Amino acid sequence: MSETYNKKLLGEAVASKLDISKKQANEFIDAFLEEVKGILEEKGTVDLAGFGKFEVRFRAARDGFNPQTKEKMPIAASYSVGFKPAKALKDAVK
């Protein structure tokens, strides 16, 4: 079974790989994530070759229903973040 990486473990792995301090690695990760978040907040797209694409997707208003009462209810339009993995990432995971 594979391990679940959180931000701390990712920082340790980056620090080891780049031979930098854990603090520097965590600062890099924080800066990277902040940039991605900022781009997505502006409805932009982040395309990382060989990894995948983060993009904001619009979900139109639609009718749904309450699963307990089966009563119809409107669902407001919204935005969500989507991720589409690159072919290289898909192939690596096979």
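Laboratory data are not the source of any read-out in this text; all were calculated from the coordinates shown. Note that this is a predicted model, so its numbers are computed, not measured. Cβ atoms come from the backbone with ideal geometry, glycine included; neighbour counts cover every protein chain shown.
Applying the criterion of being surrounded by 10 or more Cβ atoms within 10 Å (Cβ to Cβ) and among the aliphatic types (A, V, I, L, M) to the residues of region 78-93, the residue that is farthest from ASP47 (Cα to Cα) is ALA92.
Looking at ILE29, ILE75, ILE39, just one residue is of a type outside the set (Ser, Thr, Tyr) and either on the phi > 0 side of the Ramachandran plot or surrounded by fewer than 13 Cβ atoms within 10 Å (Cβ to Cβ) (or both), and that residue is ILE75.
Residues that are in a helix (DSSP H, G or I) and without any contact (Cβ under 8 Å) to a residue 12 or more places away in the chain do not occur anywhere in region 53-71.
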